[in-house]
Amino acid sequence: MKNKTIYFVTGSQDLYGEETLRQVASNAKEIAKFFAGHKSNPVTVVYKNLVKNSGQIANVCKEANNDPDCVGVITWMHTFSPAKMWIAGLTALQKPMLHLHTQYNQKLPYESIDMDFMNLNQAAHGDREFGYICARLRAKRTVVCGYYEDKAVVDEVFEWARKAAAVDFCKSLKVCRFGDNMRNVAVTEGDKVEANIKFGWQIDYYGIGDLVAEVKKVSDSETEALFSEYKKLYSLKDNDADAIKEQAKYEIAIKRFLDRGGYKAFTTNFEDLHGLKQLPGLAVQRLMEQGYGFGGEGDWKTAALGAMLKYMNAGKKGATDFMEDYTYDLTPRQELVLGAHMLEVSPSFAVNKPSVKVAPLGIGGKEPPARLVFDGCTGNGLSITLVDMGERFRLIVAAIELVKQPQSMPNLPVACIMWKIKPDFKTGAAAWIIAGGAHHTVVTTQNTVDDIADLAKMFDIECVIIDEKTNLRVLEKELFLADTVWKLR
């Protein structure tokens, strides 16, 4: 992500004279330099020359469009910049935009302030003029307000930069489907052509035989080397060695296959395993931990969503990975969701040293697969899903609180995490179901609801939010209006 650039563009006009414009440019360079050199900056911020007329504005917007490393543009009006000058540029701009409403000085110089100072520092109404034309043009943008050195402002700017980089990442994101979707399941289906148009995702199918052939190429020495790594990292039983080594072969084979094809996400399906002895479990868990997106039962939407969010959150504390709402504890006023999957829970959620277990799967008719088992993390998080509503994609994001499991579960041979639904179980679960939320999700402890809503805005897709403020009557009305509006677009 550090190789990606954000253009810092400052607006003014020719009326102020050379001396004022030199000061405007100097101040803008200083602000851009502050962001560029900040320790939390995930990208590269590039100062662009002061723009003072329609031609200069159009040129810098076209330059951003044509620069493959540019993932977004930050705009700021240091002085008044008549907004009609911005029409040609904004209508041409194809990259995400952040409108930074700030000013160079934090405090007013009350004793010395004069008209020269006022003419120089006009963001208070210069940004309002710019904001009007953005609204008139219905330009998609994020607005961040406050003094540019404030931590809250810095955090917002850099979180936006991560999202802008994630949008760019999607333009080359390839998803590998080993086998097809689980038979007769609705929510894992979707319009792959529309996903390619809307997000940039390329979703490719490969028969399971292609993976089997890759597994057969893995040498015994490679398998033994990875097995030795497993023994250092995890607790395992010697009598499970053969099953664990089978997963080592799968990890090596899948990773090679993905990397050779440039794939950052993949799916498997327990109904489509002809030629494999086990359903990939431990192998998938480790690949998720290494940064690949994953979806079970052929769920390519969740796999791609996971890969995108993983890329966006790289380097941040916490975890982001594939999950499934599996079963409930419905103790009154203490209701909990147990999130897991047949095998594939990422060790990025682990709070203790994982152990390897080999146990029957109970579905699929294959040999007992090896998988990592561990206790899950706690803290605030989100459960996110992407569903195809026919004429549009809907992103649903629910605020959750991950908690420690109330009791040990010695007979459960899979890893899991547990969480409370917000605002409460009855409201949150009903809202999810009413909105059409899938049983497959991406759970993250690295983002806020606003992060995901902003990402949806960049992609121009619908976003449904379920959090502490959710009211079912209001939500149902909003969903009805959204259906009407999106069908008319």
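Modelled this way, with points 7 Å down the Cα-to-C-beta line, the labels at Y326 and N471 are 3.7 nm from one another. Between R256 and T91, the C-beta separation translates, for a Förster distance of 60 Å, into a calculated FRET efficiency of about 0.85.
The modelled label-to-label distance between A139 and E19, using points 7 Å beyond Cα along the C-beta direction, is 3.2 nm.
Can you figure out the FRET efficiency of S54 with W486, using R₀ = 30 Å and their beta-carbon distance, to the nearest 0.05? The computed FRET efficiency comes out at 0.35. Neighbour counts of other Cβ atoms within 10 Å put M458, M323, M97 in the fewest-to-most order M458, M97, M323.
For the range 383-423, the dipole from Cβ point charges (+1 on Lys and Arg, -1 on Asp and Glu) about the Cα centre works out to 140 debye, to the nearest 20. What residues from the range 261-279 fall in the zone where the backbone N is under 15 Å from a label point 7 Å along the Cα-to-C-beta line of K217? Backbone N within reach: 261-263. A straight chain from D180 to S355 at 0.36 nm per residue would run longer than the Cα-Cα distance by 59.9 nm. Taking every alpha-carbon pair under 8 Å whose residues sit at least 6 apart, the range 5-170 reaches a relative contact order of 27 percent.
Among G436, W86, C463, whose Cα sits farthest toward the positive end of the charge dipole of the chain (+1 at Cβ of Lys/Arg, -1 at Cβ of Asp/Glu, about the Cα centre)? Working it through, the farthest residue towards the positive pole turns out to be W86. When the charge dipole of the chain is built from unit charges on Cβ atoms (+1 for Lys and Arg, -1 for Asp and Glu) and taken about the Cα centre, the candidate among N41, P347, L395 whose Cα reaches farthest toward its positive end is N41.
Is the shape of the range 443-489 rounded, prolate or oblate, going by the alpha carbon gyration tensor and its root eigenvalues a ≥ b ≥ c, with a/c under 1.5 for rounded and a/b larger than b/c for prolate? Judged from the Cα gyration tensor, the range 443-489 comes out oblate (a/c at least 1.5, b/c at or above a/b). Which distance in nm do the two modelled labels at E224 and E149 give, with both placed 7 Å along the Cα-to-Cβ direction? In this crude label model, E224 to E149 measures out at 6.2 nm.
With θ taken as phi - 60° and the Karplus curve 6.51 cos²θ - 1.76 cosθ + 1.60 applied, the whole-hertz 3J(HN,Hα) list for the range 327-340 is 8, 10, 10, 9, 4, x, 6, 10, 4, 9, 9, 9, x, 6 Hz, x standing for glycine and proline.
Working note: Cα gyration tensor of the range 293-354, eigenvalues times five, square-rooted, sorted largest first, giving semi-axes of 23, 16, 12 Å. Expressed to the nearest 5 percent, the antiparallel share of DSSP beta bridges inside the chain is 50 percent. Coupling constants for the range 116-127 follow from the phi torsions by the Karplus curve (6.51 cos²θ - 1.76 cosθ + 1.60, θ = phi - 60°), and in residue order they are 4, 4, 4, 5, 6, 10, 10, 4, 4, 10, x, 6 Hz; glycine and proline get x.
Here, the range 174-488 has an Rg and a Dmax of 19.3, 62 Å when only alpha carbons are counted.
Given +1 at the Cβ of Lys and Arg, -1 at the Cβ of Asp and Glu and no other charges, the dipole of the range 300-457 around its Cα centre is 240 debye to the nearest 20. For the range 14-26, putting each phi into the Karplus relation 6.51 cos²θ - 1.76 cosθ + 1.60 with θ = phi - 60° gives couplings of 6, 5, 7, x, 4, 5, 5, 5, 5, 5, 4, 5, 4 Hz, in residue order, rounded to whole numbers and with x for Gly and Pro. Please tell me which of these pairs span more than 30 angstrom C-alpha to C-alpha: K357/K404; K192/K469; K62/K107; K2/K422; K33/K95? Result: K192/K469; K62/K107; K2/K422 exceed 30 Å. The H125 and A314 beta-carbon pair, evaluated with R₀ = 51 Å, returns a calculated FRET efficiency of approximately 0.85.
Using 0.36 nm per residue and subtracting the Cα-Cα separation, the extra length available between D450 and Y205 on full extension is 84.8 nm. Taking the number of Cβ atoms within 10 Å of each Cβ as an exposure proxy, the fewest-first ranking of W486, W432 is W486, W432. Full extension of the chain between K231 and D460 yields a length gain of 77.8 nm, computed as 0.36 nm times the residue separation minus the alpha carbon distance. Computed from point charges on the beta carbon alone (+1 for Lys and Arg, -1 for Asp and Glu), the dipole magnitude for the chain about its Cα centre is near 380 Debye.
Shown for Y250, Y205: other C-beta atoms within 10 Å of each C-beta, ranked fewest to most, produce the order Y205, Y250.
Gyration tensor analysis over the Cα atoms of the range 5-170 returns equivalent ellipsoid semi-axes of 24, 19, 14 Å (largest first, whole Å).
No value in this document is a laboratory result; all are computed from the given coordinates. In this text the structure is predicted, and so the values were computed from the model without any measurement. Glycine also receives a Cβ, built like all others from the backbone with ideal geometry; neighbour counts cover every protein chain displayed.
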